Every structure is written in C-alpha cells, then in structure tokens.
Amino acid sequence: MKMNLPNKLTILRVGMIPFFLIFMLVDFPGSWAKWVALAIFVLASLTDLLDGKIARKYNLVTNFGKFMDPLADKLLVCSALICFVALEQMPAWIVIVIISREFIISGFRLIAADKGIVIAAGMSGKLKTVCQMVMTIVLIADLNGLEWLEWILIVLSLVLTVVSLCDYLYHNRAVLSE
C-alpha cells in the first residue's frame, strides 16, 4: 500500500511520541528539555491539523487514516497526561477520568461502525480537545506563578471531558438500541 501525505503525517506524529516522552521524563540538567518536549508536542499537534486538512482538501481520506489519526491523537494526549501524573503536575484520578472517556468513545464508535454508522466529532468534543491541548502546552511550559491558570485549565478540561462524553452518548444513544 502506498502511503499518502496525510497518512505519513499521522505516522510521523506517532513516531514523535517516544522523543516527547524522553524530553518530558528524563532528568536532563537545566530546564531546556521541557522546551524541546513542548516543541515536539506542538509540532505533533500541528501535524494533526495538517493531515486532516490535506486529506479532506485533496480527497485523500483512507480507512488507514480514519483509524490511525484518532488513535495517534489519543496516544499523544494520553502520553502527556501520564507524564503529568509522573511529574506530580496532575492528580491521577483526573487523568483516569479523561482517558476513560477516550476508551468509552472509542468503544462506542466501534459499535457504531459495526452497524455501518460513522459518528463525527461534535462541538463539545472539539472544545474538549482544544482545551486539553492548551492545558498540555501550559503544563509542559510549567511557568512559575501561573499555577492558577494550570488549575483552571485542568478543571475546565475535566468538565469538558465529562460534558462531551454525556453529549456524545445522548446524541448517539440510538446506536446502542437494537
């Protein structure tokens, strides 16, 4: 199978995750490593925007991309969240709630796909994703004096995670009925 550009960008995003983890978790002297981790995270996040735009614009949407793109996103974000627990920047229970939502939605999408139904992301899910990305960037930067902003973004991400899960399940409840 020949890989198109959007799929190559998705693979690149997955390949960036180990490097992101190294710069997040290895205790290098000085504070430069967090900036490298931040740059990798931002670049990986931008590949997500770019691959989707290219795929839609040039009609390069593939089954591989439909499967791998959301998986790559989940791997990237979940990796960052787990790092925040390891670095004691976020309570584990919040990360468990956020990751659980991703598993529930993924399972729900599998059930829908089995019935031939494709469920697009809703506005609440998109807001949740944007908030999580901003929260992740702020937490990686770990700027002194902005702990209040970090906590606002953590709480907002948590609330949007739960709201988007409820919204998603409510609007697609027919998928579960037989």
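The values are calculated or read from the model by the stated rules, or taken from the named source; none is laboratory data. Small disclaimer: the values here were computed from a predicted structure and weren't measured. Please note: Cβ atoms are built from the backbone with ideal geometry, for glycine as well, and neighbour counts cover all protein chains shown. Heads up: the accessible areas ignore ligands, DNA and RNA and are worked out on the full protein's heavy atoms, side chains in. Shrake-Rupley method; radii C 1.70, N 1.55, O 1.52, S 1.80 Å.
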Only residues in region 107-128 that are of a type in the set (D, E, K, R) count as the first member; pair them with residues that are at pLDDT below 85 and surrounded by 15 or more Cβ atoms within 10 Å (Cβ to Cβ), Cβ under 8 angstrom, at least 6 apart or cross-chain, and list the lot. 109/119; 115/175
For region 10-19, state whether one or more residues are open to solvent by 30 Å² or more (accessible area, probe 1.4 Å), within 24 Å of residue 143 (Cβ to Cβ), assigned to a helix (DSSP H, G or I) and modelled with pLDDT of 90 or more. yes
Here the residues within region 19-52 that are among the polar types (S, T, N, Q) and closer than 12 Å to residue 9 by Cβ are 45, 47
Residue that is modelled with the lowest pLDDT [pool: residues in region 115-136 that are over 16 Å from residue 102 (Cα atoms) and surrounded by fewer than 19 Cβ atoms within 10 Å (Cβ to Cβ)]: 118
So residue 147 fits all but one of (1) open to solvent by less than 70 Å² (accessible area, probe 1.4 Å); (2) modelled with pLDDT of 90 or more; what number is the exception? (1)
Out of the residues in region 85-102 meeting the condition of being over 14 Å from the mean Cα position of the chain (by Cα) and either among the basic types (Lys, Arg) or under 16 Å from residue 38 (Cα atoms) (or both), tell me which one is most open to solvent (accessible area, probe 1.4 Å). 87
The lone exception for residue 112 - which of (1) under 18 Å from the mean Cα position of the chain (by Cα); (2) open to solvent by less than 20 Å² (accessible area, probe 1.4 Å) it fails: (1)
Might you let me know whether region 140-162 holds any residue that is free of Cβ contacts under 8 Å to residues at least 24 places away in the same chain, not aliphatic (A, V, I, L, M) and not in a helix (DSSP H, G or I)? yes
Would you be able to say whether some residue in region 65-73 is of a type in the set (Gly, Ala, Ser), in contact (Cβ under 8 Å) with a residue 40 or more places away in the chain, within 28 Å of residue 27 (Cβ to Cβ) and open to solvent by 50 Å² or more (accessible area, probe 1.4 Å)? no
Tell me the residue from 137, 105, 94 that is among the hydrophobic types (A, V, I, L, M, F, W, C), in contact with a helix residue (DSSP H, G or I) (Cβ under 7 Å, 6 or more places away or on another chain) and farther than 22 Å from residue 24 by Cβ, please. 105
If I filter region 165-175 for residues that are charged (D, E, K, R), assigned to a helix (DSSP H, G or I), open to solvent by less than 70 Å² (accessible area, probe 1.4 Å) and out of contact with any Ser or Thr (no Cβ under 7 Å at 6 or more places or on another chain), do I get at least one hit? no
Only one residue in 77, 42 is within 17 Å of the chain's Cα centre (by Cα), loosely packed, with under 15 Cβ neighbours inside 10 Å and in a helix (DSSP H, G or I). Which one? 42
In a helix (DSSP H, G or I), open to solvent by 30 Å² or more (accessible area, probe 1.4 Å) and in contact with a helix residue (DSSP H, G or I) (Cβ under 9 Å, 6 or more places away or on another chain): is that true of residue 51 in this structure? no
